[in-house]
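J.: After the structure tokens below, expect a handful of questions from me.
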Amino acid sequence: MERTVWDIINAGEEIDYNTPNRDDFDVKIKECVEKFIRYNSTSLTSDERRDLLSSIVGYPVDKNTRIVPPFYCDLGFNIKLGKNILINYNCVLLDTGEIRIGDNVLIGPGTKIVTAKHPLDHERRRVLATTGHTVVIEDDVWIGAGAVVLPGVTIGARSVVGAGAVVTKDVPPDTVVVGNPAKVLKTL
């Protein structure tokens, strides 16, 4: 049996324009885009917005979890949301790989969480070679406005990521990181 594009991505392997069933990936992105365009509409009630968010991610979203529009993602179903989360305005969750967000997490406006990685080899980039790398944000994390979290990073429980920080490597629990690239400022 031929592996699906999802099997390949979830195994941490590369996909490109020539990957069998690549069209499935592109169709899922189109479906997700259509849903988040509606999600970002100002005419929805909070209940309608939560129902649509549940449709985007593929499971019932906690009643105390809120993503303030506008919000953007690739696929939606690779986003795993805990309870009591606030993701503020204008956030981008590029979920080629899985994004796991724990309970009681605050994510500031304009934050970007990126799981897709492209190769350094320019010829592979020409065919849009991509791998997905899971990002994990553990419980009680606060990510400041405009931060960028890069592929494969885990942010430990109760940590704080300063505004504008670029998180390129794992953050231990109970730690404050700031800067580009993010460096430890202090332990909580």
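What follows is calculated from the coordinates using simple rules that are stated; it is not laboratory data. On a predicted model such as this, the values are computed, not experimentally measured, just so you know. Don't worry about glycine lacking a Cβ; one is built from the backbone with ideal geometry, like all the others, and counts go over all protein chains shown.
J.: Which far-off residues, 5 or more places away or on another chain, put their amide H under 5 Å from the one on VAL153, with H placed in the peptide plane?
T.: Amide H neighbours of VAL153, under 5 Å, 5+ apart: VAL136.
J.: Tell me, in nm to one decimal, what length is gained between ARG3 and ASP139 on full extension, where the rule is 0.36 nm per residue of separation less the Cα-Cα distance?
T.: Length difference between fully extended and current span is 45.6 nm.
J.: Suppose the Debye formula is applied to equal point scatterers at every Cα of the range 94-143; what is log10 I(q)/I(0) at q = 0.15, 0.23, 0.31 Å⁻¹?
T.: -0.50, -0.83, -1.12
J.: Note down the magnitude of the dipole of the chain about its Cα centre, charges +1 on Lys and Arg C-beta and -1 on Asp and Glu C-beta and zero elsewhere, to the nearest 20 debye.
T.: 580 debye
J.: Work out the FRET efficiency for LEU86 and TYR17 from their Cβ-Cβ distance, taking R0 = 35 Å, and round it to the nearest 0.05.
T.: 0.40
J.: Take the residue pairs LYS80/LYS112; LYS117/LYS169; LYS83/LYS117 and return only those whose Cα atoms are more than 18 Å apart.
T.: Too far apart for the 18 Å limit: LYS83/LYS117.
J.: Assuming a viscosity of 0.890 mPa s and a temperature of 25 °C, what translational diffusion coefficient in µm² per second does Stokes-Einstein assign to the range 5-187, Rh being the Kirkwood radius over Cα pairs?
T.: Result for D is 147 µm²/s.
J.: Figure the gain on full extension for ASP62 and ARG38 (residue separation times 0.36 nm, minus the Cα-Cα span) and round it to one decimal in nm.
T.: 6.7 nm
J.: Grab the beta carbon distance between SER55 and HIS122, set R0 = 35 Å, and tell me the FRET efficiency rounded to 0.05.
T.: Taking R0 as 35 Å, the efficiency between SER55 and HIS122 is 0.35.
J.: Per residue Cα convex hull volume for the range 28-100, in cubic angstrom?
T.: So the per-residue Cα hull volume is 72 Å³.
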